[in-house]
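J.: One structure coming up, written as structure tokens, with questions to follow.
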Amino acid sequence: MSTATTSTDETSRRDFLYISTGAVAAVGAVSVVWPLISQMSPDASTLALASTEVDVASIPVGQIVTVKWRGKPVFIRHRSPEEIKAAVDVDVGSLRDPQADSTRVQKPEWLIVIGICTHLGCIPLGKQGQYDGWFCPCHGSVYDTSGRIRQGPAPRNLDVPPYAFLTDTKVKIG
Amino acid sequence: MTFASSFTKIVGAATALAAVVALSNLAARAEEEQPNPTRQEWSFAGPFGTYDKAQLQRGFKIYKEVCSNCHELHIPIRTLGQPGGPELSVDEVKALAASYTVKDGPNAAGEMFDRPGRPSDYFPTPFPNPEAAAAALGNAPPDMSLLAKARKYERGFPAFVFDALPIPGGMYQELGPDYIYAILHGYEKDDDPNWNAYFPGHKIAMGKPLVEGQVDYPDGTPTTLDQYAKDVASFLYWAAEPTLDQRKSIGAKVMIFLLILSCLMYFTKRTIWSDVAH
Amino acid sequence: MHGLSTFEPKNGFVKWLEARLPILSFGYDSFVAYPTPKNLNYWWTFGAILSFMLIAQIVTGVVLTMHYTPEATMAFSSVEKIMRDVNWGWFLRYAHSNGASLFFFAVYVHMFRGIYYGSYKNPREVLWILGVIIFLLMMATGFMGYVLPWGQMSFWGATVITNLFSAIPLVGNDITTWLWGGYSIDNPTLNRFFALHYLLPFAIAAVVGLHVWALHVTGQNNPDGVEIQDIKKDCVPFTPHATMKDGLGITVFLLLYCWFIFYVPNYLGDADNYIPANPMKTPPHIVPEWYFLPYYAILRSIPDKLAGVIAMFAAIAVLAFLPWLDTSKVRSAKYRPLYKKLFWGFVLVGIGLGYCGAMPAAEPYVTASRILSLLYFGFFAALPFLPKFERTLPVPATIAEAVLAKSEPVKTAK
């Protein structure tokens, strides 16, 4: 009897040792993987990348200017009253990604959106398509004059970057 | 006799050899021109050493007011706000950056223009290029961003072995700061500002850069040359090795982890081998 | 010693796979059931430690490549960017640069272990020569890797080493120009060194594969230098016995490795390599990394350029001839008193040469390295004559007997 008990104790002691060794080794192996993954995230210099400041005074009404921010194109569109009206008059409920024009702009005459099609990342062409907004040549997404998706495969409206008007004509993007 | 016991014999022989070489080193050293820097106390030395934030801020003040007139410091301004450094606040870093003028461009008209600095900018260089620096000063002053790691002095045998080991008086990694500290103390001839006791050959292009009381310390730290030398050497070591705090704190965890794992491995191995004569 | 596989497929999928690609039985036979001499000591764990280091170097290296720029004007600053900005960049870079040193440290222990216990002898000559090839590839990889940060020591080390080839009569200068891709070390050189530094570790991995294959054909040597006679009595299965022992060896080695990474990361490097390469200014004192120092000392000990280069390469090449230079029938130095003395003398000569290599090319180091170089080759020259003078000790008939003799009085003979 007693020998049997001892050997059971012995076995469970062994098992405990094996399992804890294995568990600790596994924790070590997993922690080593983290730096290898984390190193691919944006580094400190990329994260610190400054914002872009743009002087919009020279953009005539009806023009779209493309500026670069964080390596991406940003469209700054000086909208005409007709374009603003077209954007405002839409029935928001009928849109795929319902957003009122007022929530997408700070000043109605200036539309600032990231120039990347929300479908698969191409750059849409300005003042083209049925709604005179943007038309993406890759897969035919059509945006209106508020940069909202109206037709085609894209799921969302063009994104609005964080920006602020420093003066009436100076915008800081980012 | 086993491999291991022979190994102890070898260690004995090596120690004897070490003594002989050390003696001959001493003899050789006496003939050398410049003395070795002496080892100083640094807050960032040893396995648990960390940077002294206030000291780094003082050192930065010296760099800004004195060194930066001739020396480049090729690090981004934002790093002064990083943890484990001088840790300036976000606003202080922004204000500091804005106090510099940075060339940027070209703008839409194709022209380069000046703008206030941003935290992501590097510290501006005092000269447009090394050639201009050499033309103005006779010799291009070295970039200071890695200076504290790029300077060393010969430790000789066997001291250099102990410098690597976790023993009292070992783990000596601060040869660079000690060298910088020594250089700042080495201007011993009043009639020759370019004579330095610790510089190889004694003729140093940089004239005595710091004198007592030259830089104000708002925190009331004594404005002695010795304090200046320590502060600026600490700052430069931080500039060269900004991740030291993080490295050592992670290192402590790693070592504890490995010690635990080694013990577990040892007992597991012993249990597995317990029924095998070997 | 390779019988039929004892691997028994347990489920349907394994059976299906075994019939098409017997990789599981191969792995089982090689790393689980593989018979390991039971008398191996901890010096034998360095094979596993080296495998670990090779993987660690490849992994950290591939990851560093994601941030490094192999271009002469940007290489130095890209390394600094890794150190300052990349997440964990300082860790990866220090792990890789210190990893090279620790890799060489382990390979030297592994080689000296092989020399001490006569592991190169019949029938393990090919195994040994493959090891020498791995060592050569490691040296090439280590050298080219050291050039990549493009510091002062990188640049001038590369200049000095590539100039070795200019010692070759007639075509020497053409060869160096070809190596450089120009008339000096410059961007083309950096580019090709980077390409080769990335490639060679995989070549090393391939030769390591052959090395392990050859090992598994002949079986491991052991501290007593007697062949396995009876697998049941002489051996333990590789898993769990050798696996756990190797695991313990690797863990303890990791303590050393991590000490260097986290506490003294710049100890083994040269301060001058934190100064960007300047083709117009040679540092006052050029030294290679510590693992090349003995060969560097041999190179410098000979006043003639060509002869120095030949001596240096001969010092490595001679290792490959060890199986035929050592004519003793007894393998292990354990039973060879004279050889054992000679061996430790050889170790001291190697350390002495390393020390001389680190010192300036002046007296007394020049004379010392000449004497030590002679002694280095003297070791190999003496080997064929050793059996004439040596009275070897009685060698146990089997591993089991050797183990039994060690654990006297006999405790358990399970």
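The values are calculated or read from the model by the stated rules, or taken from the named source; none is laboratory data. Fair warning: this is a prediction, and the values are worked out from it, not measured in the lab. Cβ atoms come from the backbone with ideal geometry, glycine included; neighbour counts cover every protein chain shown. For the accessible areas, the whole protein counts, side chains as well, though only heavy atoms, and no ligand, DNA or RNA atoms are used. Shrake-Rupley method; radii C 1.70, N 1.55, O 1.52, S 1.80 Å.
J.: Short version: what are the Cα gyration tensor semi-axes of chain C, square root of 5 times each eigenvalue, largest first, in whole Å?
T.: Ellipsoid half-lengths, sorted descending, are 40, 29, 19 Å.
J.: A follow-up question, please. Points 7 angstrom from Cα along the Cβ direction at A:Ala29 and A:Gln63: gap in nanometres?
T.: Placing both labels 7 Å beyond Cα along the Cβ direction yields 6.2 nm.
J.: How many Å² of accessible area per residue for chain C, probe 1.4 Å?
T.: 45
J.: Need one number: buried accessible surface between chains A and C, 1.4 Å probe, both sides summed, DNA, RNA and ligands left out, in Å² to 100.
T.: 1000
J.: Okay, next question. For a quick check of your reading of the filter: which trypsin sites (Lys or Arg not before Pro) in segment B:225-269 sit in a DSSP loop and have no more than 13 other Cβ atoms within 10 Å?
T.: Here no loop site has a sparse enough neighbourhood.
J.: For n ≥ 4 DSSP H runs only, could you compute -39500 (n - 2.57) per run for chain A, divide by its residues and tell me the 222 nm figure to the nearest 500?
T.: Using -39500 (n - 2.57) per qualifying helix, the result is -9500 deg cm²/dmol.
J.: Are there trypsin sites (Lys or Arg not before Pro) in segment A:77-174 that DSSP puts in a loop and that have at most 14 other Cβ atoms within 10 Å, and which ones?
T.: For trypsin sites (Lys or Arg not before Pro) across segment A:77-174 that sit outside H, G, I, E and B with at most 14 neighbouring Cβ atoms in 10 Å, the list reads A:Arg96, A:Lys127, A:Arg156.
J.: With the crude spin-label approximation of a point 7 Å out along Cα→Cβ, what separation in nm comes out for C:Trp324 versus B:Ala277?
T.: With each label point 7 Å from Cα toward Cβ, the separation is 4.2 nm.
J.: Still on this structure: Taking each residue of B:269-275 in turn, how many C-beta atoms of other protein chains fall within 10 Å of its C-beta, and what is the average?
T.: Mean inter-chain Cβ contacts per residue within 10 Å come to 6.
J.: Given the options C:Leu338, C:Leu24, C:Leu196, which has the most mean-square fluctuation in a GNM of chain C, springs set between C-alpha atoms less than 10 angstrom apart?
T.: For chain C, modelled as a Gaussian network with Cα springs under 10 Å, the answer is C:Leu24.
J.: Which of C:His211, C:His285, C:His110 moves most in a GNM of chain C, Cα contacts under 10 Å?
T.: Taking springs between Cα atoms under 10 Å, the residue moving most is C:His285.
J.: Reachable lysines from B:Lys230, Cα under 20 Å, same-chain residues fewer than 8 places away excluded?
T.: Correct list for B:Lys230: B:Lys53, B:Lys61, B:Lys64, B:Lys149, B:Lys152, B:Lys208.
J.: What quantity of accessible surface, computed with a 1.4 Å probe and excluding non-protein components, is buried in total between chains C and B, in Å² to the nearest 100?
T.: It comes to approximately 5000 Å² buried between C and B.
J.: Same structure, new question: Using a 1.4 angstrom probe on heavy atoms only, work out the carbon and sulfur share of the accessible area of segment A:3-137 in %.
T.: Carbon and sulfur: 62 percent of the exposed surface of segment A:3-137.
J.: Enter the buried accessible area of the B/A pair, total of both sides, probe 1.4 Å, in Å² rounded to the nearest 100.
T.: 1200
J.: Work out the FRET efficiency for B:Thr223 and B:Phe267 from their Cβ-Cβ distance, taking R0 = 45 Å, and round it to the nearest 0.05.
T.: Taking R0 as 45 Å, the efficiency between B:Thr223 and B:Phe267 is 0.15.
J.: Okay, moving on. Non-local amide H neighbours of C:Thr36 (under 5 Å, H modeled in plane, Pro and chain starts lacking H): which ones?
T.: So C:Thr36 has HN proximity to C:Val236, C:Phe238.
J.: With label points built 7 Å along Cα→Cβ from the Cα atoms of A:Arg70 and C:Asn278, find their separation and express it in nm.
T.: It works out to 4.1 nm between the two label points.
J.: For the Cα atoms of chain C, what angle does the longest principal axis make with the long axis of helix C:89-116, in degrees from 0 to 90, nearest 10?
T.: Value to nearest ten degrees: 50.
J.: Sticking with this one: Could you sort out which of B:Lys269/C:Lys38; C:Lys245/C:Lys341; C:Lys233/C:Lys340; B:Lys94/C:Lys81 sit more than 18 Å apart by Cα distance in this structure?
T.: Listed pairs above 18 Å: C:Lys245/C:Lys341; C:Lys233/C:Lys340; B:Lys94/C:Lys81.
J.: Taking a ≥ b ≥ c as the square roots of the Cα gyration tensor eigenvalues, with a/c under 1.5 meaning rounded and otherwise prolate when a/b beats b/c, else oblate, which class fits chain A?
T.: Prolate shape, in that a/c is at least 1.5 and a/b is the bigger ratio.
J.: Right, another one. Can you give the relative contact order of chain B as a percent, counting alpha carbon pairs under 8 Å and 6+ residues apart?
T.: Computed value for chain B: 23 percent relative contact order.
J.: For chain A, what does the accessible surface come to per residue with a 1.4 Å probe? Please give it in Å².
T.: 54
J.: Taking a point 7 angstrom from the Cα of C:Lys233 along the C-beta vector, which residues in segment C:385-405 have backbone N less than 18 Å away?
T.: Taking a point 7 Å out along Cα→Cβ of C:Lys233, the residues of segment C:385-405 whose backbone N falls under 18 Å are C:395-405.
J.: Output the residues of segment C:59-88 meeting this criterion: accessible area (heavy atoms, 1.4 Å probe) in the chain alone minus accessible area with all protein chains in place is 50 Å² or greater.
T.: By number: C:Arg84, C:Asp85, C:Asn87, C:Trp88.
J.: Send over the per residue convex hull volume for chain B, Cα only, as a whole number of Å³.
T.: Value for chain B: 210 Å³ per residue.
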